[in-house]
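What follows is a short report on a single structure.
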Amino acid sequence: MRTFKHGAWATLMVTGTILVSTQIVAQEEGSASAIESKIRALAPAAESIAISETPIDGLLQVQVNNEIYYASSDAKYLVIGRIMDLDTRENITDQAKAGLRKDVLEGLDRSQQISFSPSAPDYELLVFTDIDCGYCRKLHEQIDEYMAAGIAINYMAFPRAGIASHSYDKFVSVWCADDQQAAITLAKTGAEPEPQQCENPISKQYELGRELGV
């Protein structure tokens, strides 16, 4: 019968642990690579794909642009839906999406927004707005009150009727106006803005709003 000294046994255990850990990492990397390859085949136009772990063994989170999906670790199944923690009642998927939204919003170009702001705002709100939306118009009627309270309102375009709509055309005209603040204020009263065309971010903002679930 072969015996081991404590030192040799400890070394063997540590070595075994390292080998197992290395194998697990290799398996996870292999799974992520296989999943990404299949997602690329399904969505070749995807700008970004990121694979990460979830609290569920055998299930990985798949971020495609600003959307969250799930895939089995064998890269065989794709799951569309949400994960709920029944003990804590937490929505794991919403938490992941909130993190994505935060990253996206922090990276936005402020010069691509129409802003109404006091000189030194205490708070800032990013608002995806539709010129023809009743609630949006109501908010704009109170724009002076928001600024008096130290709140900046930063508008981005979200014509709910879509890109091929009159609401979209109105927003393009507002964006291309010499005075964007005056133009959007007038348009939100129901008046027709003077038709104008120029390079603009309206379609990109609309698509971003859709991706973020506006």
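Nothing in this text is a laboratory measurement; each read-out follows from the coordinates by a stated rule. In this text the structure is predicted, and so the values were computed from the model without any measurement. Cβ coordinates were reconstructed from backbone atoms using ideal geometry, including for glycine residues, and neighbour counts include every protein chain displayed.
Values as computed for the structure displayed
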{"item": "Computed Kirkwood radius, in angstrom, where 1/r is averaged over Cα pairs of the chain", "result": "21.3 Å"}
{"item": "Those lysines that a straight Cα-Cα span of less than 26 Å connects to Lys76, excepting residues fewer than 8 apart in one chain", "result": "Lys38, Lys97"}
{"item": "Total formal charge among the other residues, if their Cβ is under 10 angstrom from that of Ile35, Lys/Arg +1 and Asp/Glu -1", "result": "+1"}
{"item": "Degrees, to the nearest 10: 166-176 long Cα axis against longest axis of the chain", "result": "80 degrees"}
{"item": "Contour minus Cα-Cα distance for Ser72 and Ala98 (0.36 nm per residue)", "result": "7.1 nm"}
{"item": "Residues whose placed amide H lies under 5 Å from that of Phe128, excluding near-sequence neighbours", "result": "Met156"}
{"item": "For Ile114, residues with placed amide H under 5 Å, excluding near neighbours", "result": "Tyr155"}
{"item": "Total charge dipole magnitude, the chain, about the Cα centre, Cβ charges on Lys, Arg, Asp, Glu only, Debye to nearest 20", "result": "920 debye"}
{"item": "FRET efficiency estimate (nearest 0.05) - Cβ-Cβ, Ser111 to His166, R0 35 angstrom", "result": "0.85"}
